[in-house]
Structure formats: structure tokens, C-alpha cells
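Trainee: Please read through the structure below; I'll follow up with questions.
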Amino acid sequence: MVFVYTLLYSALTVLLSPVLACLSILDRYGMRQRLGQRPLVPDRENRPVVWFHCASVGEATGLAAVIEGFAKRHPGIQVLVTTMTETGLAYARQHVPRARYFGLAPLDAPFIVRRVFRQVRPRALVLLEGELWPGMLGAAAAHDCPVSLVNGRMSDRSLARNRFVKPLFRHMLRRLAAVGVQHALDGERFITFGAYPGRVRVTGNVKFDLAAEQKGPGREALRRELGLSAFEPVIMAGCPRPVEEERAVLAAFVRVRERYPEAKMIWAPRHLQRIPPAEQMMEAAGLRFALRTHLGGPADVIILDTMGELAAMYAAADMAFVGATLVPLGGHNVLEPAACGVPVLFGPHIENVRASAAALLRTGGGMVVHDSDELARQWLELLDDPGKRARTGAAARQAVLECSRAVDRTLDLVDRRILEPDPNRSGETEPRHYPQRTPFIIRLMDPGERAPAIRFMRVALLPASLLMGMAVRLRNGLYDRKLLTSDRLPVPVFSVGALTAGGAGKTPVVRYLARRLRDAGYRPAVLSRGYGRNSHATQTVRPGTPWQEAGDEPAFLASTLPDVPVVVGPSRTAAGRLAIDRHGADVLLLDDGFQHRSTARAVDIVVHDATSRLNPGRLLPAGPYREPVSSLRRARALVLTRTDQTRSAAVDTARIKDEFPHLAIIEAVYEPAGLRRLDNGLDDSTQFPPEWLAGREVLVLCGIANPASFVQTVTDAGGRVTRVLAYRDHHPFTSSDLDRAWSLAEASGAECIVTTEKDAVRIPDHAVRKHLVALDIALRLTSGEPALEEIRSTLDEMR
């Protein structure tokens, strides 16, 4: 459905291009800006920009409160505000002084909105209430811009309408990094339509905060300005909707005047063009009226013919009715009269203001009426009993005060989930949150990724995946039946491998085991194929060996294990013999050796990322698996890494134990161990603590299989990640890559660039190295220590 929407919108834009071109030339309706021809942000702006977007005036009132708090928290970030309407833009310019730039939102055609994103380069996009546009969200994803929906709500009308486009709505919701909603029912509806539960939070209605801080002329001053005495009963009619509701409100007021002929009404039309029809209805009802701007003679009804006065004018009234609630239109803002301390009456149709109305009903500050007669009765009761009127007004004001602080909760959500990236925070049902510039192949390998392009590619690659499965099963069967034999070496061999392609964390496990064996008195050696090297020789890798000759992982291991031989070669058996003959190794560790069955081993250890499910799935190239999960029957132990980056384990360990009772399960986490500046050279061993990152804004640069995990580790160390530049695993960094990294770091305000120790060996000499720091990651076991010690004890038996 996203494809259909994009195709239709783009086709319509092209079809109307002559009209749009004329409007652009004349600059009517802000068309130059809507077409991306007039920049929203000047090209000279180098500071980070956060883009806030809302529909029109109604949403812009809440936006003002959010941006006021945001600007206080982040004084170094520039704020861009866009609206869909020119009236909303005019309101934002007047009432959102903390924003730096203002404009009209671009048309949602991909070729237009992506051009705008390239020009603005926003650090984050914040949408208000229900402003979800497929093109805008797609452009944000393409330009590495995390998106949050705040003050979100889904009315009954929206609920019914969204059902017709549920696939499209689900696609949009799953692009959101955070969803802050006004009411728990809104949250349930967003989740029903596809939002990930872990990303949805009830933050409240930010208009409560705006109402709580609302200031304006007092009651006496307003009444003097309107020519009203302090003792005249005054009723406020806030935006009654045509025509039935307007007639019902006027009929109720006529009944009130039968008992209180001195009563006055302030009439605030929804749109100024409704004034003439309203005047006709008042004249037919025998009511005298006058415009706010032309007060003179006696009037029973004062009609507000100005913009922006409604909220303050409620203070002049003794009670108020809020429109669009007697008719099924969802309701207008009930907080504005409540903030002025006047009783609030409204109809049963409150879908748009559900949370606000519920708060008023809970405190007794609001009343529900169902028709004109009931509205008249309630008004008369309040006029007959001044004490009840005062108590109801005080309860309305109390409801506003009790429900404030929604802005703080909203900004906390934005800070935590967008400005401070936190991949895999929820862990249980949502897929991995990918950082910026994540290669397509990494997303293809993730079973939780559901983007349409990814699903299409998986279907296209399914035949190749089936052939791969047949070949793997045939090969394993030949080894299991001894029709293919494994070469045996004279010392014990431990294999460390994985079922999936990349990202499990095998190399840190190999380093951990090598150090542990060395400390126990053994002479271990690491054997590797040396992926990506330009040589086929079997050789020992020494610290400082160029990664192009050894491969990046062997070069990394050699630099961090200077007293443990690392040998690379196309044949692990030949490499093992070299390690034994030349270095006296008495135990060998096969790095990424689970599928390398041509060399016999004493123990197979399988490593798996705990944030990814371990269920039967597709094999390469349509999925991440190198061989079926059933191959775990060959393994002695299963090491689950990154167990701290998921709330509830994605791996069903109970099921694994039932299916493979012989398998020892070991759990581990990765922790930052230290930092090293790269401008001192690869052989520099001077480290400073991870706490150095605390509070610093950094750009993450990496070329690993699981960039999200590294971003999480940097965040856990206290770094404030402004941008992430991720390349495919084993990516050979070029000068242009490093130039781009530094330009992005400068644009996002980052103090330095953080990379992994494995990536550090692939970064060439470049001026950017003086801004680069490598973060070393250490493995720590959290459970399964006895099982690992039992495996190690088998070496003593083999001696």
C-alpha cells in the first residue's frame, strides 16, 4: 500500500505540475517552499537542527509549550517549525518565539520531500498529534533522521478511517522511534494499528501545561473592555459548529434569558466566515448582537470577530460551553476555559479531547450535556447557585494543575529515544533499531526487519536459500557418516563459531578464551582464515601487520593478544601445524570455525546474539543462517552475548535445553573497557577510562555486522550519540569515507568520532585520525561459569 500511495501521489504531483509551477512563480499558497525551492533553513547553518511539524493552529498551541521546554534543555540546537496551513504558520511565528526557523511543510511526493531533507539535514523530526505522512517518514528514514510522534491521539473518527488503510498506517507507525500519547486508550489504538508496544508511552496532553501557565487580562479588565458589568451573568460559547449545534446553543441561551434577562453571551465562531449565518440565527431568535470590534449600543451577544482571543476571553465568563461536542466532530479544547477557573460544559462527542474531558469529569469541573434542553438546565442551575458555580470552576482549574507536567514527560521521551539513541531498548517485540546509514545487507539478515523492500528481496532469494539448505545438509550428512573425514591435529582444538552470518560476537569470545587459557598456563594459538586479506599464504600475524595481509579480525587479535600467536591461512589444519611447530602451541582456537569441519575439534562453542531470536529460519542468502538450528547438536556450549541489551530474552533457553539437553548455556555481556586515541598510532597502548565519554557528543563510525549494539555500548558509557555512520562488515575505509565522517561530525556538533578496535585497524592515515578514539570492548560472563570451567578441564584430561 505504501508503493500505491507513493505512486499515486507522485503521479498527481506530476499531473498538476503546470498548476504548481504557476503557483510557484506567483508564490501563492507558499508553493515555492512546499516544492522545496525556497530553503527552510539557510545553507550557512552549521548547528544541529531539530524539525517540529504540526498541522495548523490547534496543534501549534501545544507545540509552543513543547518547544519552550525543548529550547531550555537544548540551547545549542536550532528549532525548525513547519505547519500544513498558512494560518498555522502565522500563529507559530507569533506564539513560538523560541523557534529559529519557520516554514510550510513540503508536498509529500518523495522527490520533493527528500530534497528538503537534504537541505535541512535535521538531527531529529518531531511530529504532533497525528501528522503522519508516508513520504516524510520515508525521507526521514533515508536520511538517518529518527522520528517521534508526541501528544498523539486517535479519535473514533480517525480509528474508523484508518482501518481502510491499516497496512499503510502500520508502515508509518513502525518508522517511529517513539510515540507519546495523551491517553491510555490512544496508546492501545496505536499499538493495535502496528506501533511497537515498547515505543509507546502515555505522556499526557501538553495543552494541560499550556493551560496551567495561561496568563491574560483579568475578569474585571475584560468585562470593562467589552462593556459588561461585574454583576451581569455571562456565558461563553466556544466554537459551536454549524448548524445544529449553533441552533442548540442559541436556543439554550434564549431559555436562560427567560429567567435572567440581563444574561449576556460571548460567541466565538469556529471560522470568521460563520459570522453572517450566526447573525441571521440570532436575529431570528430575537437577540441583539454586536461585533467585538464594533461595540457600541446594547447587545445580548458579543461576537468575537478577531483571531487568537478565545483562550483569554473565557476569563470574562461565568461558565462556558465548548463546541464540536453536541455533534460528532470530536470536540475543541476544553482546557482553555478550565484554566480560567470557569465551569466547563460539553457534549458527549469528546473523542479529540478524551483525556482532558476525563480529567474535568474526575474533579467535577466539567459536565456532559446531550441536547439543548439539558444545556439550558445546567446553565440555570449554575446561575441559581453561585456557590456551586464557584466550586465547579475551582475544580476545573484543579484538573488542569493535576494533569500538568506532560511537557516534561514528552521531552524526556524525545531525549531518551531520539536525541540519545538507545537501540534495542524494548527488546521483546520490536525489531532491531538500526542506526543511520545501515547497509542494506545487514537489514536483510535481520529476521525482524519487515520493510517491503526487504520482504521482496527475501522472496526473490528464497530459491537460492533452499539450494543452500540442501547443500549444507548434504555436506553435514557426509561428515556425520564419515564419508568425509576431518584432519586431526596432535593438540586439542576448540572451535568458536556461529549459526548466523556476522554480528554474533565471535571474535571477542575468542580473545576472552585465549586470555583465559594463557592465564591458566596453556600456550594457546588462534587460527583464522583471514577474511578479506589479499594474500593466500599461511603466516603468523604480528602486531602492526597490515590488515590487508592478515584480515581485519586477525590483525585486531594480534594487536590485543601480543603474547598469543595468531596464524592465518586458507587451511586451518596447515595453520594449526605452523602454530604447533613454530610457536609450541598446546591448544588451538578456531576463530569462526563451526562450519569448517575439515579440521577435527574437541569442543564446538557456538556464539549467538541474545537480541536476535534463535528459531528455525531461512538460510543464506534469504536469511541470516549459515546452517539450520538443528546443527546445535554438534556443539558443546552455546554462548549468548549482549544479554543486557534485551528486556526479555529473544532466545527461548528452556526450549533450547529441552531440544539439546547436552548443550551448556553461557550468558555474557560486552562492557566498555577503555579508550585509545588513534592519532598516537595502532601500537599505542595508552588507554583512558570509558567514563571520558560521559556527556560528550560523539559520532559513531563503524563497519561491523551489528552497529546497533556498538551504539548501545557507547550510550551506556555515557556518550551522547549525535550521528551514526555504519558500513557493511569488514568495510575498507577510504579517505572519502573519513572526509564524510568528519563533515557529519562537525554538522552535528560532535566533539569526536568513536569507532571499534576492530575498525581501527582498517582506518588509513588521515587528518581525521586526530579526532578518532577507539573503544575497546571486554566480554564478561554473567552465568555459565561452571560450564565453561568444565569445558576447560577437558584439556587437562587430554594432556
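Trainee: If you take every DSSP beta bridge whose two residues both sit in the chain, what share of them, in percent to the nearest 5, is antiparallel?
Mentor: Values: 15 of 99 bridges.
Given both bridge residues lie in the chain, the antiparallel proportion sits at roughly 15 percent.
Trainee: At 1.4 Å probe size, put S495, S793 in order of accessible surface, largest to smallest. It would help to have the intermediate numbers written out before the result.
Mentor: Details: S495 0, S793 40 Å².
Ranked list, largest accessible area first: S793, S495.
Trainee: Calculate the FRET efficiency for R391 and E188 from the Cβ-Cβ distance with a Förster distance of 35 Å, rounded to the nearest 0.05.
Mentor: Values: r = 34 Å, r/R0 = 0.97.
Calculated value: 0.55.
Trainee: For the pair A453 and L8, what calculated FRET efficiency results from E = 1/(1 + (r/R0)^6), where r is the Cβ-Cβ distance and R0 = 22 Å, to the nearest 0.05?
Mentor: On the way: r = 19 Å, r/R0 = 0.85.
About 0.70, to the nearest 0.05.
Trainee: Ratio of alpha-carbon Rg to the 2.2 N^0.38 Å globular estimate for region 462-666, to two decimals, please.
Mentor: Numbers: Rg = 17.0 Å, N = 205, 2.2 N^0.38 = 16.6 Å.
Here the answer is 1.02, to two decimals.
Trainee: Say the dipole of region 462-666 comes from +1 at the beta carbon of Lys and Arg and -1 at that of Asp and Glu; which of N476, L561, V510 then lies farthest toward its positive end?
Mentor: N476
Trainee: Treat every Asp and Glu Cβ in the chain as -1 and every Lys and Arg Cβ as +1, leave all other atoms uncharged, and give the resulting dipole magnitude about the Cα centre to the nearest 20 debye. Before the final figure, lay out each step's value.
Mentor: Values: 103 positive and 87 negative charges, 375 e Å.
Rounded to the nearest 20 debye, it is 1800 debye.
Trainee: Once the piece of chain linking E691 and R115 is laid out straight, how much longer is it, given 0.36 nm per residue of separation minus the C-alpha distance between them?
Mentor: Details: separation 576, 0.36 × 576 = 207.36 nm, distance 3.93 nm.
Extending this stretch completely gives an extra 203.4 nm.
Trainee: Here's another thing I want to ask about it. Separation between the D581 and M1 pseudo-spin-labels, each 7 Å from Cα along Cα→Cβ, expressed in nm?
Mentor: Between D581 and M1, the label points sit 6.7 nm apart.
Trainee: For region 1-203, what is the relative contact order in percent, using Cα pairs closer than 8 Å and at least 6 residues apart in sequence? Mind dumping the intermediate values first?
Mentor: Details: 345 pairs, mean separation 38.3, N = 203.
Computed value for region 1-203: 19 percent relative contact order.
Trainee: Determine the shape class of region 93-175: with a ≥ b ≥ c the square roots of the Cα gyration tensor eigenvalues, call it rounded for a/c under 1.5, and otherwise prolate if a/b is greater than b/c, oblate otherwise.
Mentor: On the way: a/c = 2.07, a/b = 1.32, b/c = 1.57.
Verdict is oblate for region 93-175.
Trainee: Something else: Can you list the trypsin sites (Lys or Arg not before Pro) in region 1-49 that are in a DSSP coil and have 15 or fewer other beta carbons within 10 angstrom? Please report the intermediate quantities before stating the final value.
Mentor: Numbers: sites: R28, R32, R34, R44; in loops: R44.
For trypsin sites (Lys or Arg not before Pro) across region 1-49 that sit outside H, G, I, E and B with at most 15 neighbouring Cβ atoms in 10 Å, the list reads R44.
Trainee: Pairing the Cα long axis of helix 785-798 with the longest principal axis of the chain, what angle in degrees results, from 0 to 90 and rounded to the nearest 10?
Mentor: Computed tilt is about 10 degrees.
Trainee: Net charge near D658: determine it from the other residues with C-beta under 15 Å of the C-beta of D658, scoring Lys and Arg +1 and Asp and Glu -1. Each step should come with its number before you reach the end.
Mentor: On the way: positive: R633, R655, K657; negative: D652, E659.
Once all neighbours under 15 Å are counted, the net charge is +1.
Trainee: Still on this model: Quick one: grab the alpha carbon gyration tensor of region 215-401, order the square roots of its eigenvalues as a ≥ b ≥ c, and give me rounded if a/c is under 1.5, else prolate or oblate depending on whether a/b is larger than b/c.
Mentor: On the way: a/c = 1.38, a/b = 1.21, b/c = 1.14.
Rounded is the answer for region 215-401, as its axis ratio a/c remains below 1.5.
Trainee: Leaving out ligands, DNA and RNA, and with a 1.4 Å probe, what % of the accessible surface on region 256-313 is carbon or sulfur?
Mentor: Details: 1560 of 2960 Å².
Taking all protein chains in place, region 256-313 shows 53 percent carbon and sulfur surface.
Trainee: Further question on the same structure: Can you give the accessible area of F289 in Å² (nearest 10), computed on protein heavy atoms with a 1.4 Å probe?
Mentor: 70 Å²
Trainee: What does the accessible area per residue of the chain come to in Å², with a 1.4 Å probe and no ligands, DNA or RNA counted?
Mentor: Details: 32710 Å² over 799 residues.
That works out to 41 Å² for each residue.
Trainee: Also, quick follow-up: List the chymotrypsin sites (Phe, Trp or Tyr not before Pro) within region 301-360 that DSSP assigns to loop and that have no more than 12 neighbouring Cβ atoms inside 10 Å. If you can, show how the numbers build up before the last one.
Mentor: Values: sites: Y314, F321, F346; in loops: none.
Passing both the DSSP loop test and the Cβ count: no residue.
Trainee: Still on this structure: Could you grab the relative contact order for the chain? Cα pairs under 8 Å, six or more apart, rounded to a whole percent.
Mentor: Values: 1632 pairs, mean separation 76.2, N = 799.
After rounding, I find 10 percent.
Trainee: Shifting gears a bit: Trypsin sites (Lys or Arg not before Pro), restricted to region 261-303: which are DSSP loop and have at most 16 other Cβ atoms within 10 Å? Numbers along the way, then the final one.
Mentor: Values: sites: K264, R270, R274, R288, R292; in loops: R270, R288.
In loop regions of region 261-303 (DSSP not H, G, I, E or B), the sparsely surrounded trypsin sites (Lys or Arg not before Pro) are R288.
Trainee: Right, something else. Between [x] 1.05; [y] 1.00; [z] 1.10, which matches Rg/Rh (Cα atoms, Kirkwood Rh) calculated for the structure shown?
Mentor: Entry [z].
Trainee: Still on this structure, I have one more. When the label point is put 7 Å from the Cα of T485 along its Cα-to-beta-carbon vector, which residues of region 587-618 have a backbone N closer than 18 Å?
Mentor: 597-602
Trainee: Continuing with the same structure: What is the calculated FRET efficiency for V165 to A285, with r their C-beta to C-beta distance and R₀ = 60 Å, to the nearest 0.05? Provide the component values of the computation, followed by the final result.
Mentor: Working: r = 43 Å, r/R0 = 0.72.
The value I calculate is 0.90.
Trainee: Tell me the angle of helix 86-95 to the major Cα principal axis of the chain, expressed in degrees between 0 and 90 and rounded to the nearest ten.
Mentor: Helix 86-95 and the main axis of the chain meet at about 90 degrees.
Trainee: When you count, for each residue, the other Cβ atoms within 10 Å and take the mean per peptide, how do 370-381, 541-552, 11-22 rank with the highest first?
Mentor: Values: 370-381: 17.5, 541-552: 19.6, 11-22: 12.0.
The packing order, highest mean first, is 541-552, 370-381, 11-22.
Trainee: Which of the listed residues, G238, A396, L462, is farthest toward the dipole's positive end in the chain, when Lys, Arg count +1 and Asp, Glu count -1 at the beta-carbon?
Mentor: Positive-end residue among those listed: L462.
Trainee: At a probe radius of 1.4 Å, what is the per-residue accessible area of F193, in Å² to the nearest 10?
Mentor: 10 Å²
Trainee: Put a dot 7 Å past each Cα toward the Cβ at D765 and R473; how far apart are the dots in nm?
Mentor: 5.5 nm
Trainee: Which one of M282, V256, L310 is farthest out on the positive end of the charge dipole of region 230-373, using unit charges on Cβ (Lys, Arg +1; Asp, Glu -1) and the Cα centre as origin?
Mentor: Selected residue: L310.
Trainee: So for the pair R93, T782, with labels modelled 7 Å out along Cα→Cβ, what separation do we get in nm?
Mentor: Each label point lies 7 Å from its Cα, and together they span 5.4 nm.
Trainee: Would region 557-598 count as rounded, prolate or oblate if I go by the C-alpha gyration tensor, calling it rounded below 1.5 in a/c and otherwise prolate when a/b exceeds b/c, oblate otherwise?
Mentor: Details: a/c = 2.00, a/b = 1.31, b/c = 1.53.
In terms of gyration-tensor shape, oblate.
Trainee: Another question about this same structure. If one takes the longest principal axis of the Cα atoms in the chain, at what angle in degrees, from 0 to 90 and to the nearest 10, does the Cα axis of helix 2-15 lie?
Mentor: In the chain, helix 2-15 runs at an angle near 60 degrees to the longest axis.
Trainee: Now for a separate question. So which of K72/K758; K506/K657; K72/K264; K482/K758; K166/K506; K207/K388 end up more than 31 Å apart by C-alpha? Don't skip to the answer; put the middle values down first.
Mentor: Values: K72/K758 39 Å; K506/K657 21 Å; K72/K264 43 Å; K482/K758 38 Å; K166/K506 41 Å; K207/K388 26 Å.
Going by Cα-Cα distance, K72/K758; K72/K264; K482/K758; K166/K506 fall outside the 31 Å limit.
The values are calculated or read from the model by the stated rules, or taken from the named source; none is laboratory data. As the structure is a prediction and not an experimental result, all values here were calculated from the model. As a convention, Cβ positions derive from the backbone with ideal geometry for all residues, glycine included, and neighbour counts pool all protein chains shown. Areas reflect the complete protein model, heavy atoms only, side chains present, ligands, DNA and RNA absent. Shrake-Rupley method; radii C 1.70, N 1.55, O 1.52, S 1.80 Å.
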